[in-house]
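The values are calculated or read from the model by the stated rules, or taken from the named source; none is laboratory data. All values reported here derive from a predicted model rather than from experimental measurement. For neighbour counting, all protein chains shown are included, and Cβ atoms are generated from backbone atoms with ideal geometry for every residue, glycine included. To get the accessible areas, we keep the full protein, side chains included, count just its heavy atoms, and leave off ligands, DNA and RNA. Shrake-Rupley method; radii C 1.70, N 1.55, O 1.52, S 1.80 Å.
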Amino acid sequence: MALEERPDAKLDRGVIFLGPPGSGKGTQAKELAKAYGIPHLSTGDMLREHVGKATTLGLQAKPIMERGELVPDSLVLKMIAERIERPDCSHGFVLDGFPRTVTQARYLGELLKQHGYKAPFVIHLVLGSSVLLRRLTGRRTCKVCGEIYNIYDRPPKVEGICDKDGGELFHRPDDREDVIAERLQAYDKQTSPLVEYYRRLGALHDIDGAKSVPEVKAQMFQVAAEMREAR
Ligand code: AP5
């Protein structure tokens with residue numbers, strides 16, 4: 001039976017999306033969170049909200065994000081801990097863009113242990129860098145609901161307007177070619193070691209991220225269903 005027909009289905013654990021910029025983490029993480037009725041926690045979205053509101057954290061993060069570098073662990077860890085500790089995460093949550101360094105991964109492991117959560121599993125979206133540039137330069141996101149489009153492969157029905165709520169679509173400032181190059185380097189240097197980190201823990205599930213959105217989604221739901229049965 002399809003997951004959508006089983007509103008009682010619970011995940012009861014954290015899911016981590018790991019993959020380079022543009023690999024489809026946000027696109028797929030939103031779908032999984034919606035299907036299981038659990039929060040989608042994107043550190044990128046949280047940081048962009050801080051930047052938009054010009055909070056102290058936002059003012060510190062803005063120039064770093066504009067350069068395509070990672071925001072220091074010291075700023076990100078407190079932000080994510082406060083979010084995971086909220087009661088709506090007690091039946092599971094989807095992490096998109098966190099952890100991104102081995103320090104963040106170790107911190108997350110300790111935090112989940114302290115709160116009695118099961119160990120998370122990791123959806124690793126695997127794909128080469130040649131497709132990523134087209135995906136990122138073509139991305140447009142709804143200002144209202146966060147729906148993600150692509151002007152080349154997943155265009156909205158009306159240019160610049162969200163199909164779902166008529167919201168204005170925006171192009172992220174870090175989706176410029178020079179910044180994308182920096183972000184890809186940051187991924188290779190600081191985040192890709194997490195692939196081996198989670199593989200050694202037996203938590204990693206590789207999915208071919210170069211396939212179409214529906215194909216990746218089907219594989220992701222398959223992994224989630226297996227993890228739910230395996231508890
Ligand atoms: P963040 O917002 O997390 O960006 P990212 O990791 O670079 O990932 P993206 O959001 O760019 O891509 P995605 O994989 O979600 O792809 P999407 O689904 O949108 O981080 C931004 C910045 O914040 C960082 O650079 C850093 O400065 C800071 N930051 C955030 N978290 C941090 C942390 N933990 N520590 C320190 N700093 C942190 O898809 C992309 C496009 O492709 C879309 O147009 C989509 O429609 C299309 N697409 C998706 N899947 C497919 C498919 N299968 N086929 C064809 N097209 C597809």
Open item on the list: What pairs come out if I take residues in region 109-138 that are under 22 Å from residue 225 (Cα atoms) and pair them with residues that are open to solvent by 70 Å² or more (accessible area, probe 1.4 Å) and part of a helix (DSSP H, G or I) whose C-beta lies under 9 Å away, six or more apart or interchain?
Closed with: 119/113; 122/199; 124/199
Task: All positions within region 192-231 that are over 21 Å from residue 104 (Cα atoms) and open to solvent by 80 Å² or more (accessible area, probe 1.4 Å) - done: 211, 214, 215, 222, 226, 229, 231
TODO: Please tell me if residue 77 is more than 8 Å from the ligand (Cβ to nearest atom), among the aliphatic types (A, V, I, L, M) and open to solvent by 80 Å² or more (accessible area, probe 1.4 Å).
DONE: no
Open item on the list: Kindly evaluate residue 61 against the criterion of being at negative phi, under 16 Å from the mean Cα position of the chain (by Cα) and not basic (Lys, Arg).
Closed with: no
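From 176, 231, which residue is modelled with pLDDT under 95, over 19 Å from the mean Cα position of the chain (by Cα) and more than 13 Å from the ligand (Cβ to nearest atom)? Steps first, please.
Details: 176 fails: more than 13 Å from the ligand (Cβ to nearest atom).
Just one listed residue meets the conditions, 231.
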- [ ] Could you check how many residues of region 21-43 are within 7 Å of the ligand (Cβ to nearest atom) and either open to solvent by 20 Å² or more (accessible area, probe 1.4 Å) or not in a helix (DSSP H, G or I) (or both)?
- [x] 7
Task: Hits in region 87-117 (condition: within 11 Å of the ligand (Cβ to nearest atom) and open to solvent by less than 50 Å² (accessible area, probe 1.4 Å)) - done: 95, 96, 97, 98, 99, 101, 104, 105, 108
